[in-house]
Every structure is written in C-alpha cells, then in structure tokens.
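See structure below.
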Amino acid sequence: MRWPGTGRLDASDRSVVSDSLGVAVAVGAYGVSFGAISTASGLTVLQTCLLSLLVFTGGSQFAFIGVVAAGGNPATGAVTATLLGVRNMFYGITLAPLLRLSGWRRWAAAQVVIDESTAMAVTRTSSRQARLGFFVTGIGVFVLWNLFTLLGAIAGESLGDPRAYGLDAAVGAAFLGLVWPRLTSALARAVALAGAAAAAGLVPVTSAGLPIVLGGGVAVLLGLALGRRPPGGDA
Amino acid sequence: MSAVWVGIALTVVGCYGLKIAGLSVPERLLTHRLTVQVSELIPLGLLGALIAVQVLADGDRLVLDARLPAIAVAAVLLWRGVPFLPMVVAAAATAALLRLWT
C-alpha cells in the first residue's frame, strides 16, 4: 500500500493507519445520532447532510441544531456554533508546520482539521507519520460521519415525536460527552459549571439561544479571572 | 430563503473560515497568551451552557423532567469510561422509558 507523498508503509506506519481507522470508525458512527436528532428537531435531510458535509465539526453541528430546536434564532445558533469552532483554528496553527501544505491541498485539508485528526497527528514522532495520522483520520471520519449522518437523518425523519424516544435528552448527553474529556482540572470544571449555572439563570429572562452565548461568555470571563494558567485538556 | 438556511450558511462560513485561518495565518499573530487561554475556555463555558439549556429549559421556563435523570445516567456512564454512542443511547432510553411509565 502506498500513500501519496509518503512512500511505502512500514510496520509502524501501518499501526498509525490502523489506529487512525479505528478512531474514524468510532467517531464516524456517532454521526448517526447527529443525523437522527437533527431531522427529529425539524431540519430536513438535505439541511442535516449539508451541515455534516460543509460544517464538519461535531460540537458546532450539535450546537446549531440545539439552539434551533429550542426555538432560538438560527443566527444565534450560527454564532454559538462558530464560537465552538474556534478551537479548530488553533489546531490548524499546530498542524501547519507538520503538514506544510499550499494551494488547493491546504484548502481541502482545512475541512478535516478537527479534534480527532489533530489528536492523531500531533502525537506522532515524525512529520511523515503526523501527515499519515492526520489524513487517514480526517478523511476516514469525514466519509463515515457523512454516511452515518445520512442514515440517521432518514431514520430520524420517520420517528415522529422526538421526545418519545428521549432524543432531547440525547442532545444533552452528547454535549456532556464532548465536554467530559476537557474536565481535567478544577478550573475547567468550575468554568463548565459556571457556564451551566449562568445559562440556566438566563433562560427565564432572555430569548431562546441567548442564554447559551451569554452564559458561555460569563464562564470564559470567570475562567480568565480565576486562572492565570490555562486549564488542562487539549482545547 | 428561510432563517434556518441563513443560519446554516453563516455556520459553514464561520466554521470553515476558522479552519483555513488556522492553517494559513502566521503563527505569531494567533499564539498570544490571552487568545490561547480564551480559546481553551470557550468550549468549556459554551458546552456547560448548552448542557444546562438542553436539560433544564422548556422555551423560556426552567423545568425538571425526564431529561435530568437521563443526563445523570450519562454522567455515570462517562465516569465509568463507556464510549460516546452507547452513552448517548442509554441517556435517550432513560428519558424515553421514564416518559412511558409516568
């Protein structure tokens, strides 16, 4: 097997590939939950699949449909989703010297700069294996995430009332699953709890969607005030 | 064009814009300590807020219903190291069963 620009694969390369494919399968499969929740929240199959194809960063996609399903303004949903996507910019900064891409390759690779492809690249010892981990994971997740989104979207559309299946609770659980690996320090936990408390407090007094952005903002300010040093995790 | 389509377009532009910016912008412009710190805090604060609204809000009211025990089940499963997909399914099943019985 050959990989463009990297030559023949030796044994340690193959372990990078198999690790990356394992991650791709595990992560791609939960595209089914995004697809189902999205159409059950009222988006069409086309809108759901376009979110996975063009936005392609799970947390932001869940955030967008979460705000829209709660009756919030879709523009507020877009702001929330974009703020959650800020971390991908910092992944890009870390990846740029490892990938050394230009022209159309850089524009194409940018779309698969996500949590998992970054994690599978930055842990490698050589930049050749970093590229291998990045592309196999990124492309693998992209293909499977979109495939499973379509499956879930079609299933979600025929479900009827999403609440009867607990899909509203599944969104909360999905957000908890996304934040869980980041709760590695007392400061991180305090910031997440502050965001939750501030947002809950704002629900009765602001229009839908705003408690999320405002609550998150309050938590970030609190985090800056509390911690001189950045919290743990790879945000 | 409906508001949802506008929201999707804005999300696409925002999220892709950040990705390509990261790969393209000179490192020194974006690695200022405050910027890095804020970028690490944003997912924590926002996801915390998203969880609270998703679990407690019903329109502009706060309610306690089947979503709360469901998120508690999710937390226990995550603490026990259960992977994402089974954890989400278990949370949904908890809420669905509680609604069936009550």
Which of the residues belonging to the stretch A:30-51 are facing another protein chain (nearest Cβ under 8 Å), within 18 Å of A:Phe142 (Cβ to Cβ) and modelled with pLDDT of 95 or more? A:Leu50, A:Leu51
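For the stretch B:23-42, which residues satisfy the criterion of being within 22 Å of the chain's Cα centre (by Cα) and either more than 7 Å from chain A (Cβ to nearest Cβ) or under 10 Å from A:Gly92 (Cβ atoms) (or both)?
Let us first name the residues in the stretch B:23-42 that are within 22 Å of the chain's Cα centre (by Cα), namely B:35-42.
Of everything in the stretch B:23-42, just one residue is within 22 Å of the chain's Cα centre (by Cα) and either more than 7 Å from chain A (Cβ to nearest Cβ) or under 10 Å from A:Gly92 (Cβ atoms) (or both), namely B:Thr35.
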Write out, first by first residue and then by second, each pair whose Cβ atoms fall under 6 Å of each other, whose residues are 6+ apart or on separate chains, and whose first residue, in the stretch A:24-44, is over 12 Å from A:Thr149 (Cα atoms) and in the same structural domain as A:Phe135 (by TED's automatic domain parsing) while the second is part of a helix (DSSP H, G or I) and among the polar types (S, T, N, Q). A:Ala24/A:Thr137
Please enumerate the residues belonging to the stretch A:135-192 that are crowded, with 21+ Cβ neighbours inside 10 Å and aromatic (Phe, Trp, Tyr). A:Phe135, A:Trp145, A:Phe148, A:Phe175
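Residue by residue, here is whether (1) among the small types (Gly, Ala, Ser); (2) within 7 Å of chain B (Cβ to nearest Cβ) holds:
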position: A:Leu53; (1), (2): no, no
position: A:Phe64; (1), (2): no, yes
position: A:Ala70; (1), (2): yes, yes
position: A:Thr80; (1), (2): no, yes
position: A:Met89; (1), (2): no, yes
position: A:Ile93; (1), (2): no, yes
position: A:Leu98; (1), (2): no, no
position: A:Trp107; (1), (2): no, yes
Would you call B:Val63 more than 16 Å from the chain's Cα centre (by Cα), at pLDDT below 95 and under 14 Å from A:Trp180 (Cβ atoms)? no
Wholly enclosed helices (runs of 4 or more DSSP H) of the stretch A:130-235 bearing at least 3 residues within 20 Å of the chain's Cα centre (by Cα), closer than 15 Å to B:Ala57 by Cβ and assigned by TED's automatic domain parsing to the domain that holds A:Leu84: A:167-179
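Check A:Gly166, A:Gly216, A:Gly152, A:Gly172 and return the single one that is at the interface with another protein chain (Cβ under 9 Å from one of its Cβ atoms) and either touching a residue at least 24 places away in the same chain (Cβ under 8 Å) or within 30 Å of A:Ser12 (Cβ to Cβ) (or both). Spell out the reasoning first.
Working: A:Gly166 fails: either touching a residue at least 24 places away in the same chain (Cβ under 8 Å) or within 30 Å of A:Ser12 (Cβ to Cβ) (or both); A:Gly152 fails: at the interface with another protein chain (Cβ under 9 Å from one of its Cβ atoms); A:Gly172 fails: either touching a residue at least 24 places away in the same chain (Cβ under 8 Å) or within 30 Å of A:Ser12 (Cβ to Cβ) (or both).
Every option except A:Gly216 fails the conditions.
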All helices (runs of 4 or more DSSP H) inside the stretch B:20-102 with 2 or more residues being touching a Gly at 6+ places or on another chain (Cβ under 8 Å): B:33-56, B:67-79, B:84-101
Do we have any residue at all in the stretch A:185-194 that's more than 7 Å from chain B (Cβ to nearest Cβ) and either within 29 Å of A:Gly22 (Cα to Cα) or among the charged types (D, E, K, R) (or both)? yes
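The values are calculated or read from the model by the stated rules, or taken from the named source; none is laboratory data. These figures come from a predicted structure and were not determined experimentally. Positions of Cβ are generated from backbone atoms using ideal geometry, with glycine treated the same way; all protein chains shown enter the neighbour counts.
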